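Structure record follows, encoded as structure tokens.
The values are calculated or read from the model by the stated rules, or taken from the named source; none is laboratory data. Please read these numbers as outputs of a predicted model, since none were measured by experiment. Ideal geometry is used to build each Cβ from the backbone, glycine not excepted, and the neighbour counts take in all protein chains shown. Accessible surface is based on the protein model in full, side chains and every heavy atom, while ligands, DNA and RNA are left aside. Shrake-Rupley method; radii C 1.70, N 1.55, O 1.52, S 1.80 Å.
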Amino acid sequence: MNDNLREKFIAIVGAKNARVSQDDIAPYLHEWRDRWEGKSDLVLLPANTQEVSQILALATETKTPVVPQGGHTGLVGGGMPDMSGDAIILATGRMNKVRNIDTAGNTITVEAGCILQSVQEAADEAGKLFPLSLGAQGSCQIGGNLSSNAGGTGALAYGVARDLVLGLEVVLPTGEILNDLNALKKDNTGYNLRHLFIGAEGTLGIITAAVLKLFPKPKGQVTAFLALETPAAALELFQTARDFAGQSLTAFELMPRLGVEFTSKHVDGVRDPLTEPYPWYVLIEVSSGESEAHAQSLLENLLENQMEAGIVIDGAVAASVSQSKEFWHLREAMSESQKPEGGSIKHDISVPVHAIPSFMQDAEKAVLAIEPNARICAFGHLGDGNLHYNISQPVGADKQEFLAMDAVITPAVHALVLNYNGSISAEHGIGQMKRDELAEVKDPVALDLMRRIKANFDPAGIMNPNKVI
Ligand code: FAD
């Protein structure tokens, strides 16, 4: 980019809101997995929608690529520019105002740069619940959550990010501002355009604000950490829990012994809640709109039934809010606890819920046929059919040699996923990681429509190029 153009971009946000030295840019080029590399000579931090609009209009006019970045916790390289150094990073962190909370209408209007946890806290202070919840919630931003259509642990009861949006404000690559910030539950006035931007990973425009749904806070909530012999037992427990608790079943997370060992060993403040080791665990949460006693009785009835049936073999029910937080900390730290164990080949997949146990058996067979000493640490949102099918390197193996096996392990795992009519990206998106694979597995008509939509919205091809499609 020539100096003249660079100065024009900087003038939009003001010099103190631009990062130009490589030292200042470095944090925007560092991502959580240490997997993606990128280059950029300019990071812009706009303060508002108007500034985003001016940046994109100038970018389209000059064909300058723009990579949107929120909390940069995405796991598929979507927020990372390529190595050409041509792209500007547009970071949304300064656009972090809660514009409005409507407790009667159960909505909150927030700017894209609001950190997810701060939105949860604002809702809580207003006596409401914003149920999107994930391990990265202290860093990820609403714009990133919506752009990647995040799932997380609340999806079982409340849906994924897409289901929590009533309105959206988006700046198109041309600089035009799409104002769809109404908070209406019912609005059948033509195509529902907002859903195109949710899950688009920044390839169609920049989300600048959203109207999100709020929910009543549960009056009672109980969490339990339960031990089981097999994933099939976990599926049985899930189905019975659904029958017993219905919509009151607000979380159901599966974890293997290896994951509990990794977190207890590597993450401060985590310990195994049970005294004996068991092959599998489920973190279950039951919420009640009536009372604490109601939530407890739902869980007690379920546990009595499932212990008698030999499905649940041991367990601990959280006796306090802080113990419940400890159980959740164990689950949420499971991703990061794999890092100190060396190389990890990760798959964010979904299959129909009923197929989880047989998928896991088949996948284990396929992986161990390639590397008999691989350590499978598959965990996740069983109730959504979504597993993080992660595989840690054998103890003592060379990290790079193991990571090179990705070339055979991932096709084997994904082939099984497709056999089960599943998805190779359940909640993390496509980014650059799965772009080429998407082209192979997506329905050709759907892929063609996606390309046509992209070309129409972004004729200059400036928005997050080479991501998704
Ligand atoms: P970023 O990483 O900054 O960006 C993600 C994508 O969106 C990029 O393509 C970027 O270009 C684009 N983008 C960002 N902001 C905008 C915007 N305003 N407009 C347009 N495009 C934009 N994900 C889950 O779904 N469920 C989980 O349970 C989960 N757990 C996680 C646990 C850990 C420990 C970590 C590190 C990640 C986890 N993730 C999970 C992945 C990640 O946190 C989510 O994808 C999150 O929604 C990304 O938000 P972000 O603000 O960090 O987005």
* To do: Measure up LYS219/LYS325; LYS16/LYS39; LYS399/LYS434; LYS365/LYS399; LYS365/LYS454; LYS8/LYS39 against 29 Å on the Cα-Cα distance and list the ones that go over.
  => LYS365/LYS454
* At what distance in angstrom do the alpha carbon centres of the range 59-104 and the range 117-136 lie from each other? -> 22 Å
* Which of the peptides 296-308, 421-433 is most tightly packed, and how do the rest follow, judged by the mean count of other Cβ atoms within 10 Å per residue? -> 421-433, 296-308
* Sum of -39500 (n - 2.57) over DSSP H runs of 4+, divided by residues of the chain (222 nm, nearest 500) -> -10500 deg cm²/dmol
* What is the Cα radius of gyration of the range 332-469 over 2.2 N^0.38 Å, N being its residue count? -> 1.15
* To do: Provide the FRET efficiency to the nearest 0.05 for the VAL441-ASP24 pair, computing r from the beta carbons and using R0 = 35 Å.
  => 0.35
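Using the Cα centre of the chain as the reference point, and only Cβ charges (+1 on K/R, -1 on D/E), how large is the resulting charge dipole? Debye, rounded to the nearest 20.
Magnitude of the dipole: close to 1080 debye.
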* Asked: Along the positive direction of the dipole of the range 186-319 (beta-carbon charges: Lys, Arg +1; Asp, Glu -1; about the Cα centre), which of LEU228, ALA200, LEU303 reaches farthest?
  -> ALA200
* To do: Give the ranking of LEU184, LEU382 by solvent-accessible surface, highest area first, calculated with a 1.4 Å probe.
  => LEU184, LEU382
* Structure fact -> For the range 294-417, averaging the sequence separation of alpha carbon pairs under 8 Å that lie six or more residues apart and dividing by its residue count, the contact order in percent is 26 percent
* Structure fact -> Given a 1.4 Å probe, the accessible area of the range 49-194 per residue, as a whole number of Å², is 40 Å²
* Asked: Carbon-plus-sulfur fraction of the accessible area of the chain, 1.4 Å probe, in percent?
  -> 50 percent
* So what is the relative contact order for the range 205-346, in percent, with contacts set as C-alpha pairs under 8 Å and at least six apart? -> 39 percent
* Cα centroid separation, the range 239-291 to the range 390-423 (Å) -> 26 Å
* Asked: Please state the relative contact order of the chain as a whole percent: Cα pairs under 8 Å, 6+ residues apart?
  -> 16 percent
* Using a ≥ b ≥ c from the Cα gyration tensor of the range 47-134 (square roots of the eigenvalues), is it rounded, prolate or oblate, where a/c under 1.5 gives rounded and otherwise the larger of a/b and b/c decides, a/b for prolate? -> oblate
